[in-house]
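Engineer: Have a look at this one.
Only the coordinates and a few stated rules stand behind these numbers; no lab work does. Fair warning: this is a prediction, and the values are worked out from it, not measured in the lab. Methodologically, a virtual Cβ is constructed for each residue, glycine included, from the backbone with ideal geometry; neighbour enumeration extends over all protein chains shown.
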Amino acid sequence: MGLPHATAVRFIVVAVVIGWMAIGIEAEDWPEFRGRGRLGVWTETAILDRFPQQGLTVLWRTPIRGGFAGPAVAGGRVFLVDYIQTKPPKGTERALALDERTGRVIWTCEWEVDYRGMQYAYGPRATPTVDEDRVYVAGADGKLFCLDVKTGAVVWKKDYVSDLGADPNAWGFNWGFASAPIVDGSRLIALAGGQPDAAIVAFDKMTGSEIWRAVTLNGDLGVGQPIIITAGGARQLIVWLPSSLVSLDPVTGKTYWTQPAKVDASMTVATPVQNGSLLFVSSFYNGGLMMALDDNKPTATLLWKGKSDSEISTDTLHAVTATPAIVGDHLYGICSYGEFRCLLKRSGARVWESQMLTQERARWAGGQIVRHGDRLFVNNDRGELVIVNPSPQGYQEISRTHLVKPTTPPGNRRALVNVNWSHPAYANRHIYARNDEEIIAASLAADRR
């Protein structure tokens, strides 16, 4: 005789939690955008080879509101930000902390926002950044908060507009403040868009006091996510701006090198990717750009650059939301109209392309790519999760399943009407994914627990 429905559900949840606790020692968190180090690499073991025919086991679902920002997972909690519209263009942004195992909301911190003049004004864009007992959240209209992880209490806050002179209305394309701040030692480094010479600002992560400011904006701030790499015997802060690719000393803000670049419409969405002595960036209109990093000093030279400035007649890789992955001698990424491409990393020459990953040739069709061992996990904007074998021999799909419902209007015609553009978190053998209505936790464990 089967268990009553309610009892069965409780039994499943308890089994999942016990199984989770049993493997907790080997589990890993996802404390910032694209995971630890912003590498887009997931290293946990005992992960399923293929998705179950009946779909993923969903541990919990929690209602939330609008936003593009993906979740971060650390210390048994899931952190995210969302937006409640009140009287357009004004509303309320929220930072939330959820229990990682149950989805229960532990605390909420709210603040008023004004999305006046903002493109795609559906909610926050920047993934929270967790650092020990603090979580840093950046809102779409330029408010930066340091919050206590346990309580959500405000430790300190900044406003890029009122404190640093940032003027989003002066930008040609106001995508909103979309960059997640990055922690480096005692510093929190943010793309603030301030004036003068304050496109990039380093704050004391404990107090919010300014440590250094760098780079004068010659145009828009863009939506890039800063990363920190090691090359040429130095740690380098890499920032992808619409006018240039910049390398700075993260301790002092001193410029190491600058590569002028053209990024139409300020679409610096894809994050820079390092692969040994190579550094790659890509944008929707203007394609790919590969830098060769010097082995002995913090300098770099241009190795190759795409020649096309067209979103349709493309050559290398014209990425939109999808940060590519470099595997061996090849680069794999999603191009401007959803074409999944394989390129030779040393030249940018195309090896093959396929439309099968995104299933639709449409403007801005894309997904989020995370490397797991010798596989790629891709959540495409149709709300599917796909496992791909990256091979220069052609597109090789391993498995595909439904993940979340697309809920965001893309601004163009789509077969499914809406899209999902949020980056998920991979932590403790689960995937945490959100749309404008809910966030879910689904098991990716080989034993399905």
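Engineer: Students often check this: by mean Cβ neighbours within 10 Å, which of 216-224, 343-351 ranks highest, and how do the rest follow?
Structural biologist: Result, highest mean Cβ count within 10 Å first: 216-224, 343-351.
Engineer: Between GLY253, THR207, ILE228, whose Cα lies farthest towards the positive end of the dipole of region 179-256 when Lys and Arg beta carbons carry +1 and Asp and Glu beta carbons carry -1, centred on the Cα centre?
Structural biologist: Farthest towards the positive pole: ILE228.
Engineer: Using Cα centres only, tell me the gap between region 428-449 and region 323-390 in whole Å.
Structural biologist: Comparing the Cα centres of region 428-449 and region 323-390, I get a distance of 22 Å.
Engineer: Once phi is turned into θ = phi - 60°, what whole-Hz ³J(HN,Hα) does the Karplus curve with 6.51, -1.76 and 1.60 give for every residue of region 84-93, x standing for Gly and Pro?
Structural biologist: Couplings: 10, 6, 10, 10, x, x, 9, x, 10, 8 Hz.
Engineer: Could I ask something else about it? What does the highest-first list of 329-335, 227-233, 82-88, 52-58 look like by mean Cβ count within 10 Å?
Structural biologist: Going by the mean number of other Cβ atoms within 10 Å, highest first, we get 329-335, 227-233, 82-88, 52-58.
Engineer: Spelling out what I want: for every residue of region 62-70, take phi, set θ = phi - 60°, compute 6.51 cos²θ - 1.76 cosθ + 1.60 (Karplus), and round to whole Hz; glycine and proline get x.
Structural biologist: Karplus values, whole Hz, x for Gly and Pro: 10, x, 9, 10, x, x, 9, 5, x.
Engineer: At 222 nm, what helix-only mean residue ellipticity would the chain give, in deg cm²/dmol to the nearest 500, using -39500 (n - 2.57) for each DSSP H run of four or more?
Structural biologist: -1500 deg cm²/dmol
Engineer: Taking LYS87 as the anchor, which aspartates and glutamates have their alpha carbon closer than 17 Å to its alpha carbon, excluding any fewer than eight residues away along the same chain?
Structural biologist: GLU110, GLU112, ASP114, ASP141
Engineer: Just want the answer: with Cβ charges of +1 for Lys and Arg and -1 for Asp and Glu, which residue in GLN359, PRO410, ILE334 is farthest toward the dipole's positive end in region 327-428?
Structural biologist: With unit charges placed on the Cβ atoms, the residue in question is PRO410.
Engineer: Sticking with this structure for a sec: Under a 5 Å amide H to amide H cut-off, with H placed in plane at 1.01 Å, what residues pair with THR57 once short-range neighbours are removed?
Structural biologist: Answer set, sorted by chain and number: SER443.
Engineer: Moving on to the next point. Which loop-located GluC sites (Glu not before Pro) does region 78-144 contain, where loop means any DSSP state but H, G, I, E or B and the Cβ has at most 13 other Cβ atoms within 10 Å?
Structural biologist: Counting only loop positions with at most 13 other Cβ atoms within 10 Å, the GluC sites (Glu not before Pro) in region 78-144 are GLU132.
Engineer: For region 144-263, what is the relative contact order in percent, using Cα pairs closer than 8 Å and at least 6 residues apart in sequence?
Structural biologist: 16 percent
Engineer: Then there is this: Looking at region 357-435, which GluC sites (Glu not before Pro) are in a loop (DSSP not H, G, I, E or B) and have at most 16 other Cβ atoms within 10 Å?
Structural biologist: Those that pass, being in a loop and sparsely packed, are GLU360.
Engineer: Same structure, new question: For Cα pairs less than 8 Å apart in space and 6+ apart in sequence, what is the mean separation divided by the residue count of the chain, i.e. the relative contact order in percent? It would help to have the intermediate numbers written out before the result.
Structural biologist: Details: 1194 pairs, mean separation 63.5, N = 449.
Relative contact order here is 14 percent.
Engineer: Turning to a different aspect of this structure: Return the subset of LYS262/LYS297; LYS254/LYS297; LYS143/LYS254 for which the Cα-Cα distance in this structure is over 18 Å, preserving the input order.
Structural biologist: Check vs 18 Å cut-off fails for LYS262/LYS297; LYS143/LYS254.
Engineer: Now, a different point. Report, by chain and number, residues whose modeled amide H sits under 5 Å from the one on LYS90, excluding near sequence neighbours (fewer than 5 apart, same chain).
Structural biologist: Those lying under 5 Å, H to H, from LYS90 are TYR115.
Engineer: Taking the Cα centre of the chain as origin, sum charge times position over the Cβ atoms of Lys and Arg (+1) and Asp and Glu (-1), and report the length of that vector in debye to the nearest 20.
Structural biologist: The calculated dipole for the chain is roughly 640 debye.
Engineer: Taking amide H atoms as placed 1.01 Å from N in the peptide plane, list the residues 5 or more away in sequence, or in a different chain, whose amide H sits under 5 Å from that of LEU303.
Structural biologist: The list, which skips near neighbours in sequence, is MET290, MET291, ALA292.
Engineer: Hey, another quick one. Return the label of the correct value of P(r) over Cα pairs in 10 Å bins from 0, in percent, as calculated from the structure shown, out of (i) 4, 22, 33, 27, 11, 2, 0, 0; (ii) 4, 18, 26, 24, 17, 9, 2, 0; (iii) 4, 16, 21, 18, 14, 11, 8, 5, 3, 1, 0.
Structural biologist: Evaluating P(r) over Cα pairs in 10 Å bins from 0, in percent on these atoms matches (i).
Engineer: Which Cα, out of SER244, VAL273, GLY194, lies furthest along the positive dipole direction of the chain (beta carbon charges, K/R +1, D/E -1)?
Structural biologist: Working it through, the farthest residue towards the positive pole turns out to be VAL273.
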